Amino acid sequence: MSLQSNLASSTTQLRAYAPKTDLNVASPPSQRERVRPHTAASKRDLRTEPRPIRFLIVALALLFLTVFVVLPLVVVFASAFSRGISAYFAALSEPEALSAIQLTLLIAAISVSLNLIFGVIAAWAISKFDFAGKTFLITLIDLPFSVSPVISGLVFVLLFGAQGFFGTWLQAHNIHILFAVPGIALATIFVTFPFVARALIPLMQEQGTQEEEAAISLGASGLQTFFRVTLPNIKWGLLYGVLLCNARAMGEFGAVSVVSGHIRGQTNTMPLLVEILYNEYQFVASFAIASLLAMLALITLVVKTILERRLDEGQIVSDD
Amino acid sequence: MVRRILPLVAGLLWASSALAADYSLLNVSYDPTRELYVDFNKAFAAAYQKETGKTVEIKQSHGGSGSQARAVIDGLQADVVTLALAYDVDAVAAKGLIAPDWQKRLPQNAAPYTSTIVFLVRKGNPKGIKDWDDLIKPGVAVITPNPKTSGGARWNYLAAWGYAQKKFGSADKAKKFVADLYQNVPVLDTGARGSTVTFVERGVGDVLLAWENEAFLAQREFGKDKFEIVSPPLSILAEPPLAVVDAIADKKGTKAVAEAYLKYWYTREGQEIAARNSYRPRDPEIAKEYEKSFAKVELFTIDDVFGGWTKAQKEHFAEGGMFDQIYKN
């Protein structure tokens, strides 16, 4: 329940900045059913505020957005292109830049696909079954959100470092986890762990188990039920989780910085390279890489909006 | 759509299939040597290929000297370490990765290039900073990194201490002087490059205590019309040492090429690369050639004033040491 209300309140916060949004969309999925019949009334309620106050609130929101979101984005792109388009593309095709892009894509692919599998299984178990220790499992899933990324990285140093728990054994077998791709992947998986599960759990809890029960009573097997009933019901929520998971996986700095070893052209991801280039006074190159990450953020935002629409539509259809 | 993505994908695939060299070395180094090793690695690879016919590729990793040593201890597969101070190499050696006598294996304390600590001030030197005494004046903001994490910062600290000890002749007065100095420090960054960025780009502070090479680099990057280098009459001889990480190089079979790599520093070409990057060369001939590039500074060594790194580390930078006492007050 706390999960659900958390998610719900964060959704409302996000949407509070878009004053024109239909109230139907602005209300969190869990409350929609209750709100819907009164939509017209509550719309009028909101507009009872006097015009100047409404204007002031909107202006404040816009000002806030401009200063904290739009301006930094503009600076990133302006700095990236400050020496022209050719300098921009030259910076991106440097071997170190290509290697960082490549590594970031690889890490994102690994961590997103593993977290996808894990997230679906965890959400499915939590929302469709009752078992002892369920609350504990939910808390565990949330853990990476409450742990500082640096600590998340250090945990793996303590486990897999040469002086660490498995260090001697790994060294003896010549297996490199830390300061190599596996370590970076592990740290990224750890920090992006909750995204898919958290996107799915409230959705699946809300959907309940009736449809699955119906499928099984009609003779479907467990797997058939999952692929034909559960999965289609959660697909938009799933994509939403994957999207956020991917954004964080590509953008993670702290945890990855601890386990990367910063080997040039080998274990630097894009966020790490941004910092390195900046510290080497290569501002154009640094902001060129940063602009790729910013574009990722913009794309994420657009896809997220589309997915949220779909999610709401799907919801309404299934409600009816 | 596919056509637009194709060139990018091709570029990414190409990057992964870069030609493998006969040998691959990993050099784990400290912060300000990034530009130095770009030059040096290129020159060494060419020289090595010419001499042996084998190709060698050198990968770099840079960061604060202390944390880099820690990474090697934790398993970063460094063939060579080129750190800011002997203590950090000792820390790796203490774990059995480097032979204990490493500092005797190469000439001149295994430090083929040296540097010193100078002051970088803003154009026109508005606060009139000429010597160490000027740093403790009220209203002078001094930028230096945290000696707990940064090798350069430890050299800064020891240079100030050494100056005060020589001037006032007592450890108590030196402690008072250094305490006053750190009263004037508004922010402690974790590494030398971080401090440079704070001073140069963010415009914080009146004077940056910096490696001489770092000060020259900042001046080259941002122009002499923005910053001036002030060399105090007395400073410390900073000796950043090199060592082959025996345990790792032996395992990877790269020991011979790693040793050749470090020895290349002692050739004419190596010394010239150091000098061109504003590190003071050891070779007297090259030093003479580049005499004009470096200010005449009377230099004392850490052995002279502090009795070596192990002792200095224990007395000044260990938990509860001088620095902790000074910085808490």
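All of the numbers you see were taken from the coordinates with simple rules; none came from a lab. In this text the structure is predicted, and so the values were computed from the model without any measurement. Cβ sites come from the backbone with ideal geometry, for glycine too, and all protein chains shown count toward neighbours.
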Relative contact order in percent for chain B (Cα pairs under 8 Å, 6+ apart) equals 23
Rounded to the nearest 0.05, FRET efficiency between B:Lys251 and A:Ala109 (Cβ-Cβ, R0 25 Å) equals 0.20
Magnitude of the Cβ-charge dipole (Lys and Arg +1, Asp and Glu -1) of the range B:112-179 about the Cα centre, nearest 20 debye, reported as 100
Gyration tensor on Cα atoms of the range B:243-329, a ≥ b ≥ c root eigenvalues, a/c under 1.5 rounded, else prolate if a/b beats b/c, else oblate, says oblate
Note: B:70-81 gets an average of partner chain Cβ contacts (10 Å, Cβ to Cβ) equal to 6
Per the charge dipole of chain B (beta-carbon charges, Lys/Arg positive, Asp/Glu negative, Cα centre), the residue among B:Ala312, B:Ala153, B:Ala99 reaching farthest to the positive end is B:Ala153
A chain fully extended from A:Leu159 to A:Leu140 at 0.36 nm per residue, minus the present Cα-Cα distance, gains in nm 5.0 nm
Total charge of the residues flanking B:Lys311 in space, meaning their Cβ is under 15 Å from its Cβ, with Lys and Arg +1 and Asp and Glu -1, is -2
HN-Hα couplings for the range A:249-265 via Karplus (6.51, -1.76, 1.60; θ = phi - 60°), in whole Hz with x for Gly/Pro, come out as 4, 6, x, 4, 10, x, 4, 5, 4, 5, 9, 7, x, 6, 7, 4, x
Partner lysines whose C-alpha sits under 29 Å from that of B:Lys176, ignoring same-chain residues fewer than 8 away, are B:Lys127, B:Lys130, B:Lys137, B:Lys148, B:Lys166, B:Lys167, B:Lys296, B:Lys311, B:Lys314, B:Lys328
Residue by residue through the range A:206-219, the couplings from Karplus 6.51 cos²θ - 1.76 cosθ + 1.60 with θ = phi - 60°, in Hz, x for Gly and Pro, are 5, 5, x, 10, 4, 5, 4, 4, 4, 4, 5, 5, 8, x
Extend 7 Å from the Cα of B:Lys166 along its Cα-to-C-beta direction; within the range B:223-250, residues with backbone N under 14 Å of that point are B:231-238
Going from the fewest other Cβ atoms within 10 Å to the most, one would list A:Met295, A:Met250, B:Met322 as A:Met295, B:Met322, A:Met250
Under the rule rounded for a/c under 1.5, else prolate if a/b exceeds b/c, else oblate, using alpha carbon gyration tensor axes a ≥ b ≥ c, the range B:16-77 is classed as prolate
The range B:28-153: relative contact order from alpha carbon pairs under 8 Å, six or more residues apart, as a whole percent, is 25
Once the in-chain neighbours fewer than 8 apart are removed, the lysines whose Cα is under 24 Å from B:Lys255 read B:Lys42, B:Lys50, B:Lys54, B:Lys59, B:Lys95, B:Lys104, B:Lys263
Farthest towards the positive end of the dipole of the range A:227-320, among A:Ile234, A:Gly254, A:Thr269 and with Cβ unit charges of +1 on Lys and Arg and -1 on Asp and Glu, lies the Cα of A:Thr269
For the protein assembly as shown, percent of DSSP beta bridges that are antiparallel (nearest 5) comes out at 50
Given backbone amide H placed at 1.01 Å from N, residues whose amide H is under 5 Å from that of B:Tyr23, ignoring those fewer than 5 places away on the same chain, are B:Thr55, B:Val56, B:Glu57
To the nearest 20 debye, the range B:213-265 has a Cα-centred charge dipole, built from +1 on Lys and Arg Cβ and -1 on Asp and Glu Cβ, of 200
The distance between the Cα centres of the range A:67-82 and the range B:240-289, in whole Å, is 42
Rounded to two decimals, the Debye log10 I(q)/I(0) of chain B (Cα scatterers, no solvent) at q = 0.08, 0.10 Å⁻¹ is -0.39, -0.60
Spelling it out for B:Gly191: with amide H atoms placed in the peptide plane at 1.01 Å from N, the residues 5 or more places away or on another chain with amide H under 5 Å from its amide H are B:Asn146
Once normalised by the length of the range A:232-318, the mean sequence separation of its alpha carbon contacts under 8 Å that are 6 or more apart gives a contact order in percent of 36
Taking r as the C-beta separation of B:Glu221 and A:Ser217 and R0 as 51 Å, the FRET efficiency to the nearest 0.05 is 0.10
Ranked on Cβ counts within 10 Å of their own Cβ, fewest leading, B:Asp206, B:Asp101 go B:Asp101, B:Asp206
Answer in debye to the nearest 20: the dipole magnitude of chain B about its Cα centre, from +1 Lys/Arg and -1 Asp/Glu charges placed on Cβ, is 520
Going residue by residue through the range B:123-139, the Karplus relation 6.51 cos²θ - 1.76 cosθ + 1.60 with θ = phi - 60° gives ³J(HN,Hα) values, rounded to whole Hz and with x marking Gly or Pro, of 3, x, 6, x, 9, x, 8, 10, 9, 4, 4, 5, 6, 9, 5, x, x
Helix-only [θ] at 222 nm, chain B, -39500 (n - 2.57) per DSSP H run of 4+, per residue, nearest 500, equals -13500 deg cm²/dmol
Simple SL model, points at 7 angstrom along Cα→Cβ for A:Ala78 and B:Ser24; separation in nm is 4.2
Ranked from fewest to most other Cβ atoms within 10 Å of their own Cβ, B:Thr33, B:Thr190 fall in the order B:Thr190, B:Thr33
Cross-link reach from A:Lys128 to aspartates and glutamates, straight Cα distance under 18 Å and at least 8 residues apart if same chain, gives A:Glu206, A:Glu211, A:Glu212, A:Glu213
